[in-house]
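Visitor: Shown below is the structure under consideration.
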Amino acid sequence: MANQAPSCIVVIGGGQAAGYACKALRTEGFDGRLTVVADEPHDFYERPPLSKGVITDSATLPRLFSEDVVEALDIDWRRPHRAVEIDRQASEVVLDNGERLAYDRLLMATGSRPRMPVPEWNAIENVMTLRSWDDACRLKERLGESKRIGIIGGGWIGLEVASSARKFGVEVDVFERAPRLCGRSVGIEVAHAIQALHEQHGVGLHLDRQSIELAQDADNRVCVTADDKAYAPYDLVVVGVGVDINLELARDAGLTTEQGIVIDAAGYTSDPQVFAAGDVAQHPHLGLCLQSWAYAQNQAQVVANAMLDKSAHYDEPAWLWSDQHNVNIQILGIPTTETHCVIRQEDSGSVFFYLDNQNRLVQMVAFNHPRAIKLGKRWLAAERVLDGVVLADPEFNLMQLR
Ligand SMILES: Cc1cc2nc3c(=O)[nH]c(=O)nc-3n(C[C@H](O)[C@H](O)[C@H](O)COP(=O)(O)OP(=O)(O)OC[C@H]3O[C@@H](n4cnc5c(N)ncnc54)[C@H](O)[C@@H]3O)c2cc1C
C-alpha cells in the first residue's frame, strides 16, 4: 500500500505540525481526501503567542493561515473529536464516537500536554496550566483580576507568563526545584543572565525549592508552601513544569517509541504507512523531542513530501526563541557538558557561544541579536572553527565571519 500514490490521508491532531503538513500536502499536489481529527474546535493556530502577545495585547486566535487558505485546503474535519485507536491491521483510525476512518497514509501530529506533577492540583480552582487557546483566554481573564500570582516551574513558559504578568503590574513569584532557571536547555551563564533580567523586573525567584505544596484557602486563593516556608496566598498559580508527549496512541498501536515516536529523517515511523511530525516526533538525529515552533513547522513540511513519496530529508539544528521583558532570546543548538562559554556583551544585548574543545560551535544563545543566530546557523552547518577572543570582542563586527 505504501508504494501506491495515496488517495486518502488522515492526520491526527490539529496543531501547528498538522497545519503545515496539510498545507504542504496540498501544495505538493495531493488532491485526495484529507481528513483531520482534532480535539480542539479551532482552526490551526500557533502556540508561542499564548504566553506572550495574546496575554499582553491581541485577543484574537493566532491563526496559522487565513480562513480562505484553510477553506482552500478542502479538509474533511472531524472536530472536536479524539482519535482513540489506530488499527494498523485494517489501516483505520477509530474515533471517540466509534467512527472508523480508512487511511492510505497516516500522520501522527498529536503534540504534547502540560505535566501536572501532583494530580490533586487539578482540583484546586485557581491552579492552571497553559497549552491551548482556551487556557490562554482563561489566563488573560484571571490575570486581569489578580494582584499576585505564583508560578511553579522556572522554564520558558513559566518565565514568559511571569514577564507578561509583570506588564500588568501583577506581583509574581516563581518557584523552581533546580538551583537555576531553564536548566535543561541552557548553560549556567545564560541561566544567570535570565535570572538577572527577571530580578530587574521585580519577579520574585525562589530557586532550589525541593518540596512544593499547594492548597486552596477559604477565599479560593492558592497557598504555596515551599520547603516548609508558607507564602502569602496567590490569586492564581500557573504550573509550567514541562510536558508529557502525547504518545499513547502510537505506543498502543505498537509503533516504536522512545522519548517520542521514533522516526527517520523523512518522518517515517516503524510502519511505512504511518508518519509523525512536531512535538510527538522524536528528532531523527538528536534523539529527543524538541518542542519547538520551528521544528513543528519545518519538519512537518518535509514529512508531507515523504507522505507523497517525494524525496525528503530533515536536517535542521535545534532552534527556538522566547520573549521576556522585551528581550528576544534565541537558542540555537542543544547544550552538552563538554563545552566552554565565550560571552560577548554588546549595548543591545549579550551573546553566549558554547564551543567544543576544537572551538567549533555547539550551542549559541543570543539576547536581542537575531543576526548573530543567522550566522551561527552557518557556522554550525560548516563546523567552522572559531576564535573565542574575536567572538568576545564587541568592537569586532561578527558579520566579517560570514
Ligand atoms: C504557551 C506556549 C508557548 C510556546 N512558545 C514557544 C516559543 O516561544 N518558541 C518555540 O519555538 N516554541 C514555543 N512553544 C512550543 C510550540 O508551540 C510547540 O512545539 C508546537 O506547538 C508543537 O506543535 P505540534 O503540532 O506538534 O503540537 P500541538 O500544537 O500541541 O498540536 C497537537 C494537537 O493535537 C491534539 N491532539 C492530541 N491528541 C489527539 C487525539 N488523540 N485526537 C485528536 N487530537 C489530538 C492536541 O489537543 C493539539 O491540539 C510554545 C508552546 C506553548 C504551549
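The values are calculated or read from the model by the stated rules, or taken from the named source; none is laboratory data. Keep in mind that what you see is a predicted model, and the values were worked out from it rather than measured. For neighbour counting, all protein chains shown are included, and Cβ atoms are generated from backbone atoms with ideal geometry for every residue, glycine included. Protein only, heavy atoms only, side chains kept; ligands, DNA and RNA dropped before computing areas. Shrake-Rupley method; radii C 1.70, N 1.55, O 1.52, S 1.80 Å.
Visitor: Among the candidates ALA196, ALA178, single out the residue that is at pLDDT 95 or above and surrounded by fewer than 16 Cβ atoms within 10 Å (Cβ to Cβ).
Guide: Unique residue meeting the criteria: ALA196.
Visitor: To continue, here is another question. What number of residues within region 200-224 are assigned to a strand (DSSP E or B) and either loosely packed, with under 14 Cβ neighbours inside 10 Å or out of contact with any Gly (no Cβ under 6 Å at 6 or more places or on another chain) (or both)? Explain how you work it out, then say what you get.
Guide: First, the residues of region 200-224 that are assigned to a strand (DSSP E or B): 204-206, 212-216, 222-224.
Narrowing the set further to residues that are either loosely packed, with under 14 Cβ neighbours inside 10 Å or out of contact with any Gly (no Cβ under 6 Å at 6 or more places or on another chain) (or both) leaves 204-206, 212-216, 222-223.
Summing the residues that are assigned to a strand (DSSP E or B) and either loosely packed, with under 14 Cβ neighbours inside 10 Å or out of contact with any Gly (no Cβ under 6 Å at 6 or more places or on another chain) (or both) in region 200-224 gives 10.
Visitor: Right, something else. Please enumerate the residues belonging to region 145-159 that are open to solvent by 10 Å² or more (accessible area, probe 1.4 Å) and either within 13 Å of the ligand (Cβ to nearest atom) or of a type in the set (S, T, N, Q) (or both). Break it down into steps so the answer makes sense when it comes.
Guide: Taking region 145-159 as the starting set, the residues that turn out to be open to solvent by 10 Å² or more (accessible area, probe 1.4 Å) are 145-148, 155-157.
Those that are open to solvent by 10 Å² or more (accessible area, probe 1.4 Å) and either within 13 Å of the ligand (Cβ to nearest atom) or of a type in the set (S, T, N, Q) (or both): SER146, GLY155, TRP156, ILE157.
Visitor: Let me ask something else. Being over 24 Å from the mean Cα position of the chain (by Cα) and open to solvent by less than 40 Å² (accessible area, probe 1.4 Å) is the filter here, so list the residues in region 68-85 that pass it.
Guide: Result: LEU73, ILE75.
Visitor: OK, next. Which residues, counting only those in region 68-95, are of a type in the set (Gly, Ala, Ser) and more than 15 Å from the ligand (Cβ to nearest atom)? Step through it out loud before you land on a result.
Guide: Let us first name the residues in region 68-95 that are of a type in the set (Gly, Ala, Ser), namely 72, 83, 90-91.
Within region 68-95, ALA72, ALA90, SER91 meet the criteria.
Visitor: Let me ask something additional. Being of a type outside the set (A, V, I, L, M), under 23 Å from GLU160 (Cβ atoms), in contact with a helix residue (DSSP H, G or I) (Cβ under 9 Å, 6 or more places away or on another chain) and surrounded by fewer than 13 Cβ atoms within 10 Å (Cβ to Cβ) is the requirement here; does SER58 meet it?
Guide: Values: of a type outside the set (A, V, I, L, M): yes; under 23 Å from GLU160 (Cβ atoms): yes; in contact with a helix residue (DSSP H, G or I) (Cβ under 9 Å, 6 or more places away or on another chain): yes; surrounded by fewer than 13 Cβ atoms within 10 Å (Cβ to Cβ): yes.
Taking the combined requirement at face value, the residue satisfies it.
Visitor: Just a yes or no: is a residue in region 337-344 surrounded by fewer than 20 Cβ atoms within 10 Å (Cβ to Cβ), closer than 23 Å to GLY111 by Cβ and more than 15 Å from the ligand (Cβ to nearest atom)?
Guide: Residues of region 337-344 surrounded by fewer than 20 Cβ atoms within 10 Å (Cβ to Cβ): 337-341, 343.
Then keep just the ones that are closer than 23 Å to GLY111 by Cβ; that gives none.
No: zero hits.
One line per residue, one yes/no per condition, for (1) modelled with pLDDT of 95 or more; (2) part of a loop (DSSP other than H, G, I, E, B); (3) within 30 Å of ARG251 (Cβ to Cβ):
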site	(1), (2), (3)
GLU71	yes, no, no
HIS81	yes, yes, yes
ILE86	yes, no, yes
VAL93	yes, no, yes
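Visitor: Hey, among PHE65, PHE30, PHE44, which residue is near the ligand (Cβ under 9 Å from one of its atoms) and open to solvent by less than 40 Å² (accessible area, probe 1.4 Å)?
Guide: On the way: PHE65 fails: near the ligand (Cβ under 9 Å from one of its atoms); PHE30 fails: near the ligand (Cβ under 9 Å from one of its atoms).
Only one candidate passes the filter, namely PHE44.
Visitor: Right, another one. Could you tell me whether any residue of region 32-39 is farther than 19 Å from ASP279 by Cβ and charged (D, E, K, R)? Talk me through it step by step, then tell me what you get.
Guide: Initially, region 32-39 is screened for residues farther than 19 Å from ASP279 by Cβ, giving 32-35.
Checking which are charged (D, E, K, R) leaves us with 33.
Yes, the conditions are met somewhere in region 32-39.
Visitor: Still on this structure: Can you tell me which residue in region 101-136 is surrounded by the most Cβ atoms within 10 Å (Cβ to Cβ), limited to those that are away from the ligand (no atom under 14 Å from the Cβ) and not in a loop (DSSP other than H, G, I, E, B)?
Guide: Within region 101-136, the match that is surrounded by the most Cβ atoms within 10 Å (Cβ to Cβ) is ARG105.
Visitor: Could you identify the single residue in VAL362, VAL327 that is more than 19 Å from the chain's Cα centre (by Cα) and open to solvent by 10 Å² or more (accessible area, probe 1.4 Å)? It would help to see each step written out before you state the result.
Guide: On the way: VAL327 fails: more than 19 Å from the chain's Cα centre (by Cα).
Going through VAL362, VAL327 in turn, just one is more than 19 Å from the chain's Cα centre (by Cα) and open to solvent by 10 Å² or more (accessible area, probe 1.4 Å): VAL362.
Visitor: Next question. Where residues in region 384-398 are in a helix (DSSP H, G or I) and under 30 Å from the mean Cα position of the chain (by Cα), which of them is farthest from GLN358 (Cα to Cα)?
Guide: Looking only at region 384-398, we keep the residues that are in a helix (DSSP H, G or I), and these are 388-392, 398.
Narrowing further to those that are under 30 Å from the mean Cα position of the chain (by Cα): 391, 398.
Working: LEU391: 15, LEU398: 19 Å.
Per the criteria, the residue is LEU398.
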